Amino acid sequence: MRIAALISAPKGGADFPDKLLSIVNGKSVIEHTVASADATGIFTDIVVVTNDDDIEAKLGETVKVVKTKKSFENYIERLAEVSVLTDADMFVCIPADHLRVHTATLEKLLQLFEGAAGKDVQVASVVQKIQKDAEQVKADKNTVKVVLGLRMHALYFSRYAIPYMQHDEAGFACYEHINIIACKKDAMFNFIQWPPSPLERAEQIHALRFVENGVQIKMLIAQYPYIKMKTAADLPAAEAFLKAQ
């Protein structure tokens, strides 16, 4: 099976415009992510998708870069447009600010598509547990929370703290969406055929387009920590994160 990594590297927002070109431990953020994906040995192709001339110039000839001109509703839509031009059976969509992509996590993610249990899986993704006392994370609108069913399918994604804990259920965990998403080729194609869905537009969460169109997303709990870079204030934490790996 041919598996391609599609790394989403759009120009940064107003609050952190040069995020992906910021230097962390001697290399830019985007270079760390590309090198980490390559080091897994899983991918037959790695494609960086960007609308930023500076990112394209930074990467040079070290990796395949596809420059997009049109604006997209979201991260998956941007990558899905490029997937139709890429010869692969499976795509793993990776945000460019993830710094580290763990081989073991990707292997377990792709195993969800295997065997009798995986034959009907079209989309799979990754979550990590939110610590019970991490109220700031739960309240952060930039952190997408997920509730899971008993068979590890995503029931809903929200920027609000979900579920509401009317009763403190022993052993219950809240989850944060890591945003690494594996899709079969047909699922990627279908995504761009559907218009943005009502809940997707309301929450501004791309995964809800799959959910609202009846596609179950199988979820994997990450074994390793991930870090998200939102502002320049997160750079010291990113440096510490990489040193600890």
Number of the exception - Met152 against (1) on the phi > 0 side of the Ramachandran plot; (2) modelled with pLDDT under 95: (2)
Restricting region 96-134 to residues that are polar (S, T, N, Q) and out of contact with any helix residue (DSSP H, G or I) (no Cβ under 6 Å at 6 or more places or on another chain), the residue that is nearest to Leu208 (Cα to Cα): Ser125
Answer residue from region 159-214, given it is assigned to a loop (DSSP other than H, G, I, E, B) and in contact with a Phe, Trp or Tyr (Cβ under 8 Å, 6 or more places away or on another chain) and is surrounded by the fewest Cβ atoms within 10 Å (Cβ to Cβ) among those: Met165
Odd one out for Ala116 among (1) in contact with a His (Cβ under 8 Å, 6 or more places away or on another chain); (2) over 16 Å from Ala207 (Cα atoms): (1)
Region 89-117: number of residues that are outside any loop (DSSP other than H, G, I, E, B) and either touching a residue at least 24 places away in the same chain (Cβ under 8 Å) or more than 18 Å from Ile221 (Cα to Cα) (or both): 16
Qualifying residue in region 14-35 (condition: more than 16 Å from Phe91 (Cβ to Cβ), in contact with a Pro (Cβ under 6 Å, 6 or more places away or on another chain) and surrounded by fewer than 16 Cβ atoms within 10 Å (Cβ to Cβ)): no
Contacts under 7 angstrom Cβ, first residue in region 52-71 being free of Cβ contacts under 8 Å to residues at least 60 places away in the same chain, partner exposed (fewer than 14 other Cβ atoms within 10 Å of the Cβ) and charged (D, E, K, R), 6 or more apart: Glu56/Lys67
Selection within region 65-82 - at pLDDT below 90, within 26 Å of Leu199 (Cβ to Cβ) and touching a strand residue (DSSP E or B) at 6+ places or on another chain (Cβ under 7 Å): Thr68, Tyr75, Ile76, Arg78, Val82
Ile227 vs. criteria surrounded by fewer than 18 Cβ atoms within 10 Å (Cβ to Cβ), in a loop (DSSP other than H, G, I, E, B) and either out of contact with any Lys or Arg (no Cβ under 9 Å at 6 or more places or on another chain) or aliphatic (A, V, I, L, M) (or both): yes
Some residue of region 7-21 being closer than 19 Å to Ile181 by Cβ, touching a residue at least 60 places away in the same chain (Cβ under 8 Å) and either in a strand (DSSP E or B) or more than 19 Å from the chain's Cα centre (by Cα) (or both): yes
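The values are calculated or read from the model by the stated rules, or taken from the named source; none is laboratory data. Just so it is clear, the structure is predicted and the values come from calculations on it, not from any experiment. A quick note on method: Cβ atoms are made from the backbone with ideal geometry, for glycine too, and the neighbour counts reach across all protein chains shown.
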